Amino acid sequence: MELISVSEAAKRWGVSARSVRNYCALGRVPGAQRVGRTWGIPADAKKPLRASKRREAASPLVERLQREKAAKVKGGIYHKVQVELTYSSNRIEGSRLSLDQTRLIFETATIGAEDGSVMVDDVVEASNHFRAIDYVVDNADRPLSATMLQAEQVTVEATMEELRAKGRVKSATYQQIMARKLTLRTLVALFERHGLL
């Protein structure tokens, strides 16, 4: 294998010699070898992608979450994120569901109410939280876009209309969805202000 110097690689790739040394030190140049106090780079080595370009590839965590979600794996990272994140987040908001009840709602869409009554709003909040996490997992490898925000606005409006029709305007669920609507409105305004819409 023919090796070239750091300065030769820098000229070929259009970057500084320091950048080439950093690429090598970080293991981002396959086949690069330490030669004394410098680096020998394979003549056919390609310039490593910049960090912004590497981000376009899905992360191993996102891929695993998506795989586990599709396979409905119990006890995996996806399952743990759904149950424990939903439980903790909703508990902070005042939900009285136990961790086991939250797990049951996620796994079976039923509740275990042996220890007493369960508030409907708590169950709805947990279900909405599960859907929100699914949305993030499904769209984690896509950049945030105006279209995505507008689609979410339509979903929020429909949910609010459902709750209004049921007379649940004063429920905690309605208030949370109203907060989500305001957040989306702010994001859309930012997109418009910067000419992205």
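The values are calculated or read from the model by the stated rules, or taken from the named source; none is laboratory data. Just so you know, these numbers come straight off a predicted model, no measurement behind them. We place every Cβ from the backbone using ideal geometry, glycine too, and count neighbours over all the protein chains shown.
Within segment 113-130, is even one residue within 24 Å of residue 65 (Cβ to Cβ), surrounded by 14 or more Cβ atoms within 10 Å (Cβ to Cβ) and of a type in the set (Ser, Thr, Tyr)? Yes; the residues of segment 113-130 include at least one that is within 24 Å of residue 65 (Cβ to Cβ), surrounded by 14 or more Cβ atoms within 10 Å (Cβ to Cβ) and of a type in the set (Ser, Thr, Tyr).
Take the residues in segment 99-112 that are touching a helix residue (DSSP H, G or I) at 6+ places or on another chain (Cβ under 9 Å) and under 19 Å from residue 78 (Cα atoms), then tell me which one is surrounded by the fewest Cβ atoms within 10 Å (Cβ to Cβ). Spell out how you get there, then give the answer.
Restricting attention to segment 99-112, the residues satisfying the condition of being touching a helix residue (DSSP H, G or I) at 6+ places or on another chain (Cβ under 9 Å) are 99, 101-103, 105-107, 109-112.
Then drop every residue that is not under 19 Å from residue 78 (Cα atoms), which leaves 99, 101-103, 105-107, 109.
Details: 99: 13, 101: 22, 102: 26, 103: 21, 105: 25, 106: 19, 107: 13, 109: 10.
Looking at residues that are touching a helix residue (DSSP H, G or I) at 6+ places or on another chain (Cβ under 9 Å) and under 19 Å from residue 78 (Cα atoms), I get 109.
Taken over segment 101-139, residues that are at pLDDT below 80 and hydrophobic (A, V, I, L, M, F, W, C) amount to 2. Before we move on, is residue 166 without any contact (Cβ under 8 Å) to a residue 40 or more places away in the chain and closer than 19 Å to residue 90 by Cα? No; evaluated as a whole, the condition is false for this residue.
For the criterion of being under 15 Å from residue 176 (Cβ atoms), of a type outside the set (S, T, N, Q) and either touching a residue at least 40 places away in the same chain (Cβ under 8 Å) or surrounded by 14 or more Cβ atoms within 10 Å (Cβ to Cβ) (or both), residue 94 passes.
Filtering segment 3-38 to residues that are β-branched (Val, Ile, Thr) and not in a loop (DSSP other than H, G, I, E, B) leaves 4, 6, 20, 35, 38.
Got at least one residue in segment 182-194 being at pLDDT below 85 and of a type in the set (S, T, N, Q)? Before you say what the answer is, go through the steps one by one.
Of segment 182-194, the ones at pLDDT below 85 are 182-194.
Adding the requirement that they be of a type in the set (S, T, N, Q) leaves 183, 186.
Yes: segment 182-194 contains one or more residues that are at pLDDT below 85 and of a type in the set (S, T, N, Q).
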